[in-house]
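The values are calculated or read from the model by the stated rules, or taken from the named source; none is laboratory data. Owing to the predicted nature of the structure, the values given are computational and were not obtained by experimental measurement. Reconstructed Cβ throughout: ideal geometry from the backbone, glycine too, with neighbour counts over all protein chains shown. Note: accessible area is taken over every heavy atom of the protein model, side chains too, but ligands, DNA and RNA are not part of it. Shrake-Rupley method; radii C 1.70, N 1.55, O 1.52, S 1.80 Å.
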Amino acid sequence: MQPIQLFDPESSTYTYLLIDPDTHDGVLIDPVDSQMERDLAVLNEHGVTLCWVVETHAHADHITSAGKLVEHTGALAATPAGCAISAAARQLEDGDLIEFGQQKLSAIHTPGHTAGSMSYLWQDHVFTGDALLIDGCGRTDFQSGSADVLYSSVTQRLFTLPTETTVWPAHDYKGRTHSTIGHERTHNSRFAHKTRGEFIALMDALHMPKPRRIDEAVPANLWLGIVHEAGANDADAAVTAAGYAGDVSPELAWRWWQSGKAVLVDIRTHAEREWVGFVPNAPVVAWKQWPGMTMNPDFDAQIREAAGDKPIVMLCRSGIRSIASAKRATELGLTAYNILEGFEGDPDGSAHRNLRGGWRYRGLPWRQN
Ligand SMILES: N[C@@H](CCC(=O)N[C@@H](CS)C(=O)NCC(=O)O)C(=O)O
Ligand SMILES: [Fe+2]
């Protein structure tokens, strides 16, 4: 089956939908926020269960819809580990496989446009992001880009794929849709018959204006496109409580953590995180442990280490253990808050909306991370 190629004319971005023909499980690569309704309609039309939303890098020219798609569909986000998109459930390293139905998509680290950029190989199709474009390549003058590194990625990782592999880029500004590795190897004017030195000189001489939306796009894309309004923290306040610093809503906890104002600590058991859901990259300090739900004897030392010199917000399942552990942390001299009603509180989901942008949904089948 061919990938389905979708286009956003405003940013000239291609989004790709890959579908397992037997199970109808699917993957979306590089979706654009303004095209989310269209993409949901396409998923519907093909009867697709979206399993993964995958990014090739933190885009500089448009905002991704990955976070919203996670929220709408229950898919998980998978992003290159080197791109610091910490809200994504899965952080991909070179060679990692993303499985959907019987299909496998493999990650190929192709740095140079950005340091973390990944390409993805599915059967004889390669999705090259901005590493390799048709008769071109992504610029290398921002986001830890490097022409030297891109030359290696393209010539050693992409041009070594089989000649007939179809190349599907993240952008084309001239209406071209796809190419092949063989064609790009012999015709791409940036690489064909060019030494490394010639390529670097060519990239150094480009002097392109910066992308129009870079200042809003990159920070938003580091959070899967979920934008938090500046200053919103001030409108909310923690409610003071006896024996610990106070109670905070999940949304406030999320914003504190996102802005670096506090550390969000998950104090549930490993089993709960596996089966119920988790907050990507949140430090884990169990309050109680299986077997028998006995106290974690190392809690005091571990919570001190997790907190460092910051306040902590405690997350549990329903908001009982988080209060007990916040009280204990307070006794240890830390500033500790309780997240009201924990991971499973708020049955209508509204207060957890932002958290769920990066969390696994409760009640969905467990997927190996
Ligand atoms: N005019 C576009 C430029 C976008 C741009 O610079 N795109 C980057 C990718 S994020 C690039 O490498 N473009 C390669 C090219 O234009 O040849 C904008 O303002 O958004
Ligand atoms: Fe880019």
Checklist entry - Give me the pairs: first residue in segment 298-315 and farther than 14 Å from Arg268 by Cα and open to solvent by less than 70 Å² (accessible area, probe 1.4 Å), second residue assigned to a strand (DSSP E or B) and aromatic (Phe, Trp, Tyr), beta-carbon distance under 8 Å, and six or more apart or on different chains, which are they? => result Pro311/Tyr337; Ile312/Tyr337
Checklist outcome for this item: Apart from one, (1) within 16 Å of ligand 2 (Cβ to nearest atom); (2) out of contact with any Phe, Trp or Tyr (no Cβ under 8 Å at 6 or more places or on another chain); (3) modelled with pLDDT of 95 or more all hold for Trp168; the odd one out is (2)
Checklist entry - Is it the case that Thr166 is within 16 Å of ligand 1 (Cβ to nearest atom), β-branched (Val, Ile, Thr) and in contact (Cβ under 8 Å) with a residue 12 or more places away in the chain? => result no
Next on the checklist: Cβ contacts < 7 Å: first residue part of a strand (DSSP E or B) and at pLDDT 95 or above, restricted to segment 44-65; second residue open to solvent by 10 Å² or more (accessible area, probe 1.4 Å) and within 16 Å of ligand 2 (Cβ to nearest atom), any location; separation 6+ or different chain. Result?
Outcome noted: Thr64/Asp33
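Between Ser117, Ser146, Ser106, which is assigned by TED's automatic domain parsing to the domain that holds Ala201, more than 16 Å from ligand 2 (Cβ to nearest atom) and either open to solvent by 30 Å² or more (accessible area, probe 1.4 Å) or of a type in the set (Ser, Thr, Tyr) (or both)? Break it down stepwise before answering.
On the way: Ser117 fails: more than 16 Å from ligand 2 (Cβ to nearest atom); Ser146 fails: more than 16 Å from ligand 2 (Cβ to nearest atom).
Checking each option against the conditions leaves just Ser106.
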Item to check | Those strands (runs of 3 or more DSSP E) lying entirely in segment 238-338 with at least 3 residues of a type outside the set (Phe, Trp, Tyr) and at pLDDT 90 or above | outcome: 263-266, 312-315
Checklist outcome for this item: Output for Cβ contacts, cut-off 6 Å, separation at least six or different chains, first residue away from ligand 2 (no atom under 12 Å from the Cβ) in segment 209-226, second of a type in the set (S, T, N, Q) and not in a loop (DSSP other than H, G, I, E, B), reads Gly225/Thr64
Next on the checklist: What are the pairs with Cβ atoms under 6 angstrom where one residue, in segment 1-19, is more than 13 Å from Pro31 (Cβ to Cβ) and the other, located anywhere, is open to solvent by less than 20 Å² (accessible area, probe 1.4 Å) and of a type outside the set (A, V, I, L, M)? Sequence gap at least six, or different chains.
Outcome noted: Pro3/Tyr16; Pro3/His125; Ser12/His171; Ile19/Gly26
Item to check | Pick from segment 208-237, criterion within 16 Å of ligand 1 (Cβ to nearest atom) and within 25 Å of Pro311 (Cα to Cα), ranking: modelled with the lowest pLDDT | outcome: Pro219
Checklist entry - Mind checking which residues of segment 129-157 are farther than 16 Å from Ile200 by Cα and touching a Lys or Arg at 6+ places or on another chain (Cβ under 7 Å)? => result Ile134
Checklist entry - Are any residues in segment 15-32 touching a Phe, Trp or Tyr at 6+ places or on another chain (Cβ under 9 Å) and either open to solvent by 10 Å² or more (accessible area, probe 1.4 Å) or among the basic types (Lys, Arg) (or both), and if so, which ones? => result Thr23, Asp25
Item to check | Condition met for Asp135 (open to solvent by 30 Å² or more (accessible area, probe 1.4 Å), within 13 Å of ligand 1 (Cβ to nearest atom) and more than 13 Å from Val54 (Cβ to Cβ)) | outcome: yes
